[in-house]
Amino acid sequence: MSNEVINLKQKAQLITDHWSPRVIASVDDSYVKIAKVKGEFTWHDHLEDEFFLVLDGQLIIEIKKDDKTESVELKAGEVYVVPKGVMHNPVAEEECTLMLFEKKTTAHTGDVKADLTKDINTQLKPL
């Protein structure tokens, strides 16, 4: 990936599939991704922290802690970091655009294989 100015709104307009993050930049050992989401994803966790920034819309991140489910609600401009090892499930009632920061080794749905799981080659395809 080269150094270039990236317009997030323009890149987001090119995304047509929900729950299919696309890599737009690389920072050291992490990828910067954008995604459009709508509906419910799948419960999963990661070996690394996961950074969520809502660019447009609203996102609910359901989190399991001590056999209880809590919800974190994010609006445009808000950020939340899901700590490594925490089971979570993103949900968007209406279409929502996200920016994600994840280590390059982070699997899309961790060890969970679901219909919505995208491999890294799909995420690296240019927009």
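The values are calculated or read from the model by the stated rules, or taken from the named source; none is laboratory data. None of these values were measured; they are calculated from a predicted model. Cβ sites come from the backbone with ideal geometry, for glycine too, and all protein chains shown count toward neighbours.
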| field | Only listed residue being part of a loop (DSSP other than H, G, I, E, B), of a type in the set (D, E, K, R) and over 19 Å from K33 (Cβ atoms), chosen from K113, K64, K118 | value | K113
| query | Inside region 73-90, can you point out the residues that are surrounded by fewer than 16 Cβ atoms within 10 Å (Cβ to Cβ) and in a strand (DSSP E or B)? | reply | E73, K75, V79, V81
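Among the residues of region 84-100, write down those that are of a type in the set (D, E) and either in contact with an Asp or Glu (Cβ under 6 Å, 6 or more places away or on another chain) or under 20 Å from K11 (Cα atoms) (or both).
So in region 84-100, the residues of a type in the set (D, E) come out as 93-95.
Selection gives E94, E95.
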| task | Scan region 72-96 for residues that are out of contact with any Ser or Thr (no Cβ under 7 Å at 6 or more places or on another chain) and under 14 Å from F41 (Cα atoms) and report the count. | result | 9
| remark: Scanning region 91-109 for residues that are surrounded by 16 or more Cβ atoms within 10 Å (Cβ to Cβ) and part of a loop (DSSP other than H, G, I, E, B) gives T106, A107, H108, T109
| task | Test K11 against the criterion of being more than 13 Å from the chain's Cα centre (by Cα) and surrounded by 15 or more Cβ atoms within 10 Å (Cβ to Cβ), and give yes or no. | result | yes
| query | Inside region 44-61, can you point out the residues that are outside any strand (DSSP E or B) and not aliphatic (A, V, I, L, M)? | reply | D45, H46, E48, D49, G57
| Single condition K103 does not satisfy, out of (1) in contact (Cβ under 8 Å) with a residue 60 or more places away in the chain; (2) within 19 Å of A12 (Cα to Cα) | (2)
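Here is a yes/no grid of residues against (1) modelled with pLDDT of 95 or more; (2) of a type outside the set (K, R); (3) in contact with an Asp or Glu (Cβ under 8 Å, 6 or more places away or on another chain):
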site: L47; (1), (2), (3): no, yes, no
site: F52; (1), (2), (3): yes, yes, no
site: Q58; (1), (2), (3): yes, yes, yes
site: I63; (1), (2), (3): yes, yes, yes
site: D67; (1), (2), (3): no, yes, no
site: S71; (1), (2), (3): yes, yes, yes
site: L74; (1), (2), (3): yes, yes, no
site: G77; (1), (2), (3): yes, yes, no
site: V82; (1), (2), (3): yes, yes, yes
| field | Of all residues making up region 14-48, the number that are of a type in the set (D, E, K, R), over 17 Å from I120 (Cα atoms) and surrounded by 16 or more Cβ atoms within 10 Å (Cβ to Cβ) | value | 0
| note | Residue pairs within 9 Å by beta carbon, gap of at least six or interchain, first lying in region 16-41 and within 11 Å of V91 (Cα to Cα), second basic (K, R), listed first then second, are W19/K36; W19/K38; W19/K118
